[in-house]
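First comes the structure, then the notes that go with it.
Only the coordinates and a few stated rules stand behind these numbers; no lab work does. Because the structure is predicted, anything quoted here is derived from the model rather than measured. Neighbour counts run over all protein chains shown; Cβ positions are idealised from the backbone, glycine included.
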Amino acid sequence: MIRPARALSIAAVAAGLTMTTLFAASSANAAGVNYVALGDSYSSGVGAGSYLSDSGSCKRSTNAYAYLWKNAHAPSSFKFVACSGAKTGDILNSQISALDAGTTLVSISVGGNDAGFADTMQTCVLGSESDCVNAVNTAKNYATTALPGQLDKVYSAIKSKSPNAHVVVMGYPHIYKIGGSCIFGIGDTARAAINSAADTLDGVLAKRAANAGFAFGDVRNVFTEHEICGSLTTWLNSATLPVDESYHPKAAGQSGGYLPVFSAS
């Protein structure tokens, strides 16, 4: 018969061995990962601060979800080439070369700049409500007609360069909480139009990602109530200086929103 103290000791040793085994397995898995982070400002971390000195105008942040994942998992290799303002053409011309046959994990967000998101936001903030709705409709039309073919080219290039990689296409959050706590700024009609543009864009991204056999990281739900005007801590910058950081995730949006969705995708 095993005495209680002896049983506790054996259980503790067993638990320790189990944790050691799990840690070793996790480390081994991470050691085999070659991760490349592609994409635009939502992936580079614009708005999250703590920018890498060698990233220049690309504004790659140590608070970006890709960099946070790298810090947590210590992959065998990590290439962080996402860049502020990147469009699908920039991915093909400037970023795709970071991939190779040994790449095992890829993250990417792209499409918002192709659809003119920044210009649309500027129109909605500075123009009339009808100007905003018209700009959003133009962006949505582009997203549903021209963008799918451009995304297919990018995704095909990724598959060609890194056929064995797990690829996660990251989406875009809603910017505003409709009927939220904001008193000033644009009205709910314009806010709803902007959110509908995110829905349209995410729908296109999800469909093209699925067609390519890629995972889609939908961040809209996790950002709920963390949008501008939401009831919880806002994870997105409102209009701010520098201007290019406006309507981008703060550090909390990268760590609390993008990182867990990417990790689970």
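Of the complete DSSP H runs in the chain, those spanning 15 angstrom or more by Cα along the long axis with a mean Kyte-Doolittle score not below -1.0 are 4-31, 129-145, 147-161, 188-212. With a Förster radius of 35 Å applied to the C-beta separation of Asp131 and Ser263, the computed FRET efficiency comes to 0.35. Helical content alone sets the calculated 222 nm signal of the chain at -14000 deg cm²/dmol, taking -39,500 (n - 2.57) per DSSP H segment of four or more residues and averaging over every residue.
Among Met121, Met170, rank each residue by its count of other Cβ atoms within 10 Å, from fewest to most, as a rough exposure measure. Before the final figure, lay out each step's value.
Values: Met121 21, Met170 27.
In order of increasing Cβ crowding within 10 Å: Met121, Met170.
Taking only Cα atoms and a 10 Å spring cutoff, compute GNM fluctuations for the chain and point out the largest among Val110, Val243, Val125. So, out of Val110, Val243, Val125, the one fluctuating most is Val243. Largest GNM mean-square fluctuation across Asn137, Asn34, Asn211, computed for the chain with C-alpha springs under 10 Å, falls on Asn211. Between the alpha-carbon centres of the stretch 45-124 and the stretch 133-169 there is a gap of 15 Å.
Can you tally the net charge around Ala146? Count Lys and Arg as +1, Asp and Glu as -1, for every other residue whose Cβ sits under 12 Å from the Cβ of Ala146. Show your work: numbers first, answer last.
Working: positive: Lys87, Lys140, Lys153; negative: Asp114, Asp152.
After counting each charged neighbour, the total is +1.
Fully extended, how many nm does the chain gain between Asp244 and Phe184 (0.36 nm per residue separation, minus their Cα-Cα distance)? Please report the intermediate quantities before stating the final value.
Details: separation 60, 0.36 × 60 = 21.60 nm, distance 2.10 nm.
Taking Asp244 through Phe184 to full extension adds about 19.5 nm, to one decimal.
With a Cα cut-off of under 19 Å and a minimum spacing of 8 residues unless on different chains, the lysine pairs in the chain number 19. This ranking places Thr104, Thr123 by how few other beta-carbon atoms lie within 10 Å of each, fewest first, which gives Thr104, Thr123. Comparing mean-square fluctuations of Ala146, Ala252, Ala98 from a GNM of the chain with C-alpha springs under 10 Å, the top value falls on Ala146.
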